[in-house]
There are 2 protein chains.
Amino acid sequence: MDIEVLFTDGPITPPPRTRTLRETGAVVEFHGIVRATEGDAQLGGLFYEAYEPMARREFDRIISQLAVRHTPQDVCIVHRLGFVAVSEASLYVRVEAKHRGAALAFCGELIDRMKQDVPIWKVVRAAP
Amino acid sequence: MDIEVLFTDGPITPPPRTRTLRETGAVVEFHGIVRATEGDAQLGGLFYEAYEPMARREFDRIISQLAVRHTPQDVCIVHRLGFVAVSEASLYVRVEAKHRGAALAFCGELIDRMKQDVPIWKVVRAAP
């Protein structure tokens, strides 16, 4: 399994797939976008911070755990840090797998676990 | 809700998003890829045929039904027809929604229902 975990200060550009397997049947790409409304607040954007070494370790741990059940082929995660304006992506996840069920389930569970366990914080900035 | 359903004889190029909503929080893109193995057969690719008018009607019906529960903002489907070689995409689905749960669930259920109800057939071609 190829695993890529990247952090970037600029707009997310999905990295090219690292390889093409003849048994890949499903590629799921997820873009998490900053919305204009969070609870009752109108936002201009969100400011993201991470403790990168620990975030990488947590991603590795979560991916290893989830891979037992859903057996993805390759996983790529890009998280943006710093200020991210409304309608821009703060997160990109790509999961490749033999079957769509595994790819979709892995992607959803990975993001759920990320929000719980990975030390990435967001700071709300009010709209100007 | 913007709905696009496209059929193409050539390689799938994901169409640009039709609009950017400030309340979009999740964009899911799914690529269904032709695998080299189907059951015990080694394939060179698959040949897809559709009864397009009815396929469009069925997609509209399925999308309307699923949208009641998962409320996507926009949905785009591209299905390739004719011969699709191994490792090429035969299906592209993009779902935009406020939240990731809705986008992922809508995408998965749409494809499940498509395989059941939409008149698109595949013909297996053995590897050369």
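FYI, it's all coordinate maths here, none of it is from the lab. Note that this is a predicted model, so its numbers are computed, not measured. Because the Cβ atoms are built from the backbone with ideal geometry, glycine has one as well, and the counts that use them run over all protein chains shown.
Taking the helices alone, chain B has a mean residue ellipticity at 222 nm of -10000 deg cm²/dmol, built from -39,500 (n - 2.57) per DSSP H run of at least 4 residues and averaged over all its residues.
Inter-copy label distances for B:VAL68: 4.0 nm (label point placed 7 Å from Cα along Cα→Cβ; shortest first).
Among chain B residues, the beta-carbon with the smallest distance to the axis carrying B onto A is reported, with distance in whole Å, as B:GLU29, 2. For chain B, the longest principal axis of the C-alpha atoms and the axis of helix B:100-117 are separated by about 40°. Site pair B:ASP112 and A:ASP9 shows an inter-label distance of 4.5 nm when each label is modelled 7 Å from Cα along Cα→Cβ.
Compute the helix-to-body angle for A:52-70: its Cα long axis versus the longest principal axis of chain A, expressed 0 to 90° and rounded to tens. Value to nearest ten degrees: 40. Centre-to-centre separation between the Cα atoms of segment B:85-102 and those of segment A:1-76: 16 Å. Taking all Cα-Cα distances within segment B:69-128, those exceeding 15 Å account for 57%.
Less than 5 angstrom separates the built amide H of A:ILE33 from those of A:SER90, B:ALA26, B:VAL27, all sequence-distant by 5 or more or on a different chain. Averaged over peptide B:70-82, the number of partner chain Cβ atoms lying within 10 Å of each residue's Cβ comes to 0. How about A:LYS122: which aspartates and glutamates have a C-alpha closer than 18 Å to its C-alpha, ignoring those fewer than 8 places off in the same chain? Hits, sequence-local ones excluded: A:ASP9, A:GLU38, A:ASP40, A:GLU49, A:GLU52, A:GLU58, A:GLU88, A:ASP112, B:GLU23. Plainly put, the tip 7 Å out from Cα toward Cβ on B:GLY44 is 6.0 nm from that tip on each other copy, the closest given first.
What is the mean number of Cβ atoms from other protein chains located within 10 Å of the Cβ atom of each residue in peptide B:17-26, rounded to a whole number? Rounded to a whole number, the mean comes out at 5. Here chain A is treated as a Stokes sphere of Kirkwood radius computed over C-alpha pairs; at 37 °C and 0.692 mPa s its diffusion coefficient rounds to 216 µm²/s. Shape analysis of the protein assembly as shown yields a ratio of the Cα radius of gyration to the Kirkwood radius, Rg/Rh, of 0.98. Treating r as the C-beta distance of B:TYR51 and B:MET1 and R0 as 22 Å, the FRET efficiency rounds to 0.35.
Taking all Cα pairs closer than 8 Å and separated by 6 or more residues, the relative contact order of segment A:1-87 comes to 59 percent. Candidate cross-link partners of A:LYS115 among the lysines, defined by an alpha-carbon separation under 21 Å and a same-chain spacing of 8 or more, comprise B:LYS98. Ranked from shortest, the separations from the 7 Å Cα-to-Cβ label point of A:THR20 to its equivalents in the other copies are 3.1 nm. Label-to-label distance for A:SER87 and A:GLN42 is 1.5 nm, based on points extended 7 Å past Cα in the beta-carbon direction.
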